[in-house]
Amino acid sequence: MYAYDTYDQTFVDQRAAEFRTQVARRLSGELTEEQFRPLRLLNGLYLQLHAYMLRVAIPYGTLSSRQLQALADIADKYDRGYGHFTTRQNIQFNWIKLEEAPDILADLAVVEMHAIQTSGNVIRNVTADHFAGVILGEADDPRITCEIIRQWSTLHPEFSFLPRKFKIAVTGSLVDRAAIRFHDIGIRIRKAADASLVHDIYIGGGMGRTPFVAPLVKANLSKAGLLSYLEAVLRVYNRYGRRDNIYKARIKILVDALGVDEFARQVEAEWMHTKLEGADLPEAEEQRIRAFFAGPAYETGLPATPIETPDLRETGFADWCKTSVFPHRVPGYAVVTISLKPIGGIPGDATSQQMRAIADLAEAYSRHEIRVTHEQNLVLPYVRQIDLPVLWRKLACEKLATANVGLVSDIIACPGLDYCSLANARSIPIAQRISERFAELQQQHDIGPLKIKISGCINACGHHHAGHIGILGVDRKGEEFYQIMLGGTGDETAAIGELVGPGFSSNTVVDAVETIVKTFLDLRQPGEVFLNAVRRLGLAPFKERLYARS
Amino acid sequence: MPALDHTGARVTSWHVAADGEPINPSTPTLVSLAHLIGMNKAVAGVLLESDADLDQAGARLANLTIAGVKFTTFKDGRPFSIARLLRTRHGFTGDLRAYGPFIPDQGAFLVRCGFSSFEVVDGFDEAALRKNIAHFSYNYQHPLSVTASIVALRQANAARP
Ligand code: SF4
């Protein structure tokens, strides 16, 4: 993975030192909260319902064991012994004291981490396919592009006060695990016919009040022109994006208002100039960054299947292999997803003890590396297949071996009304109750792949538009209500879910989800997964069953 | 109201003329873009709004010795783009001054986009501005100000025997 040189390190150290003086100015009363707010937001520090929350950047979701240990230490030293992994591959600490925030940034800097651009109207942490570099059929490791974009976008002088936040996601695969078309910019790296690497640039996707699946704006962009092209996109957006209405300020609205062709034309015209302005990375610097992502030296001649004893089968090892173990591009290795969704738990939360255990396991079995998925799980990317049984046993000891990855209880939920000051309704308790309703693992495996995503308000941090079953919390005359959407997906067949009908109270929403699942089970064809059944059947049979009683 | 140069030192304020006001060529003066376009000879600089259409001004901008760009709120980052365009595309090489309610903690961003001076209100935290401008030793982006970018420094180091 990428390692800081003295420039990167000095930069992050100076950033932490700068924030220390800003906090001191706030604590002494020299700055009012109003004056301090933009400064803290540029360092990932939010004021939530009950306390400050610090969001720490995990660039493209890649962590070393040492970094995860440091996060565990921070959870113990400055928070309540746990952290929350987010849908943007970051981690949040929910109970932070303002006066300690500078110490946290200093501790983070020691392990080459920071909270830069995890909030505010800036280019946010760039996300990537969590299986980057280890999955079969990838054109290129997207993290190389992500790191290039990370450096280019870090405290960019021109683009730090955009109309609204700006999110970029990158994949190097045709299978989309990064939901690129729900981002302000989604990048797919492909191999062109001549084997050179090119980028397809999708612009103007997003969720929130007005969801859009991003259209393709630029195909076949050469690797060498990437940064000047991004500068052109950001400049057009910075100059012409709406600033009069927060709900219309994302780039998706600009793309929609101008039309894709006109937007593309304006960017192209701008690019003719930015190309000549020196933003593009010299080849040597690209190579320098690329070298960090070469991956470990793999062992050869490893046996290619996990050793399964009857004993292990009985206790669930086979189930876990089915959901948590993914093929690796190198024979004899596997990619392991660790579920942070225990039945009845809070999606994405991990205790400091769990973080330390995972850091240790990554050190022993995964070349010190961990990934964070946008689905709020963790990944060990370099596991030898022969190590799977022992890894599984050790994970199980920490309650980290729930065999539900990709299943109905692997729910994405935003913090909702339990933490977030913008929320209309709670998300976490709904996720907990749904997972309890489907607690029986065999039933989950029988239902098959099903993604439930829950947001506590229209801002859609829980990606409800992209859920096979999406749940949106709304406020109905002071009461928490939940709208249900069906058929959304963030994968390569990206689609926005369709509202099934009137909302449900918090008492009836879990029953409604169960009714939907039962309807699917009754009507599915052999081997059919939930999303395909919804696509085939439409909403009608689900509506019928959901609203039959009334 | 005081004005500061790019190191944060005090300099004189420029006069901002109302449209139609006669210009005294011996006083540094800014006029609106429309006013500038109406002049047959540029005897004043231009004070640009954040939505200014620079192409309207044609080649005139390159000949000016002073110009300003006005912030409407510090959150509206359009002046950063305007400044860069003036410097990189419209050939403006004179003194470029920021106007309006920008904040001291934007100092380095302003300088790195090509601003060279600041018009500030009384009570503006000048010390914080100076600190902000001088704070970072390195930046990632190709610069419009004096410090070399990290990319350039890495290239130079790699080229060293
Ligand atoms: S979706 Fe709404 S409630 Fe949930 S975290 Fe985002 S802003 Fe808060």
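The values are calculated or read from the model by the stated rules, or taken from the named source; none is laboratory data. Everything numeric here is computed off the predicted structure, so don't read it as measured data. FYI the Cβ positions are ideal-geometry reconstructions off the backbone, even for glycines, and counts take in every protein chain you see.
Here is how the numbers come out for the structure above:
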quantity: A:Tyr382, sole failed condition from (1) surrounded by fewer than 20 Cβ atoms within 10 Å (Cβ to Cβ); (2) in a strand (DSSP E or B); calculated: (1)
quantity: Checking B:Arg97 against (1) under 15 Å from B:Val16 (Cα atoms); (2) facing chain A (nearest Cβ under 8 Å), the condition it does not meet; calculated: (2)
quantity: Complete set of residues in the stretch A:1-24 that are more than 8 Å from every other protein chain (Cβ to nearest Cβ) and touching a Leu at 6+ places or on another chain (Cβ under 7 Å); calculated: A:Ala16, A:Phe19, A:Val23
quantity: Which listed residue is under 27 Å from A:Phe182 (Cα atoms) and either surrounded by fewer than 23 Cβ atoms within 10 Å (Cβ to Cβ) or in contact with an Asp or Glu (Cβ under 8 Å, 6 or more places away or on another chain) (or both), from A:Ala51, A:Ala70, A:Ala132; calculated: A:Ala132
quantity: Within the stretch B:38-55, considering residues that are assigned to a helix (DSSP H, G or I) and within 14 Å of chain A (Cβ to nearest Cβ), the one farthest from B:Val120 (Cα to Cα); calculated: B:Asp55
quantity: Test: residue in the stretch B:110-125 that is more than 10 Å from chain A (Cβ to nearest Cβ) and assigned to a helix (DSSP H, G or I); calculated: no
quantity: Some residue of the stretch A:181-204 being among the aliphatic types (A, V, I, L, M), free of Cβ contacts under 8 Å to residues at least 24 places away in the same chain and assigned by TED's automatic domain parsing to the domain that holds A:Glu262; calculated: yes
quantity: Candidates A:Arg433, A:Arg437, A:Arg384, A:Arg371, filtered to the one that is in the same structural domain as A:Thr337 (by TED's automatic domain parsing) and over 21 Å from the mean Cα position of the chain (by Cα); calculated: A:Arg384
quantity: Qualifying residue in the stretch A:402-414 (condition: within 8 Å of the ligand (Cβ to nearest atom), farther than 22 Å from A:Thr351 by Cβ and in contact with a Cys (Cβ under 7 Å, 6 or more places away or on another chain)); calculated: no
quantity: A:Arg143, sole failed condition from (1) of a type in the set (Lys, Arg); (2) under 30 Å from A:Leu422 (Cα atoms); (3) assigned to a helix (DSSP H, G or I); calculated: (2)
quantity: Residue check for A:Arg124: out of contact with any strand residue (DSSP E or B) (no Cβ under 8 Å at 6 or more places or on another chain) and not hydrophobic (A, V, I, L, M, F, W, C); calculated: no
quantity: Residue list for the stretch A:97-118, filter: crowded, with 21+ Cβ neighbours inside 10 Å, touching a strand residue (DSSP E or B) at 6+ places or on another chain (Cβ under 9 Å) and either within 14 Å of chain B (Cβ to nearest Cβ) or among the hydrophobic types (A, V, I, L, M, F, W, C) (or both); calculated: A:Ala101, A:Ile104, A:Leu105, A:Leu108, A:Met113, A:His114, A:Ala115, A:Gln117
quantity: The lone exception for B:Phe74 - which of (1) within 8 Å of another protein chain (Cβ to nearest Cβ); (2) buried (at least 22 other Cβ atoms within 10 Å of the Cβ); (3) aromatic (Phe, Trp, Tyr) it fails; calculated: (2)
quantity: Scope the stretch B:11-26; condition surrounded by 11 or more Cβ atoms within 10 Å (Cβ to Cβ) and out of contact with any Ser or Thr (no Cβ under 8 Å at 6 or more places or on another chain); matching residues; calculated: B:Ser13, B:Glu21, B:Asn24
quantity: Only listed residue being crowded, with 23+ Cβ neighbours inside 10 Å and of a type outside the set (Lys, Arg), chosen from A:Gly470, A:Gly478, A:Gly501, A:Gly527; calculated: A:Gly470
quantity: Unique residue being away from every other protein chain (no Cβ under 14 Å) and of a type in the set (Lys, Arg) when the list is A:Arg143, A:Arg150, A:Arg164; calculated: A:Arg143
quantity: Selection count where residues are surrounded by fewer than 24 Cβ atoms within 10 Å (Cβ to Cβ) and in a helix (DSSP H, G or I), scope the stretch A:393-427; calculated: 7
quantity: Tally of residues being out of contact with any strand residue (DSSP E or B) (no Cβ under 9 Å at 6 or more places or on another chain) and either farther than 22 Å from A:Glu436 by Cα or buried (at least 20 other Cβ atoms within 10 Å of the Cβ) (or both) across the stretch A:511-524; calculated: 3
quantity: Within the stretch A:415-439, tally of residues that are of a type outside the set (Val, Ile, Thr), more than 16 Å from the ligand (Cβ to nearest atom) and touching a helix residue (DSSP H, G or I) at 6+ places or on another chain (Cβ under 8 Å); calculated: 3
quantity: Any pair with Cβ under 7 angstrom, 6 or more apart, that starts in the stretch A:393-414 at a residue that is farther than 22 Å from A:Ile91 by Cα and in contact (Cβ under 8 Å) with a residue 24 or more places away in the chain and ends at one that is of a type in the set (A, V, I, L, M) and assigned to a loop (DSSP other than H, G, I, E, B); calculated: A:Leu407/A:Leu450; A:Val408/A:Leu450
quantity: The stretch A:353-375: number of residues that are closer than 17 Å to A:Pro342 by Cβ and modelled with pLDDT under 95; calculated: 1
quantity: All strands (runs of 3 or more DSSP E) inside the stretch A:440-550 with 1 or more residues being over 25 Å from the mean Cα position of the chain (by Cα); calculated: A:469-476, A:479-486
quantity: Residue tally, condition surrounded by fewer than 16 Cβ atoms within 10 Å (Cβ to Cβ), touching an Asp or Glu at 6+ places or on another chain (Cβ under 9 Å) and part of a helix (DSSP H, G or I), over the stretch A:26-48; calculated: 1
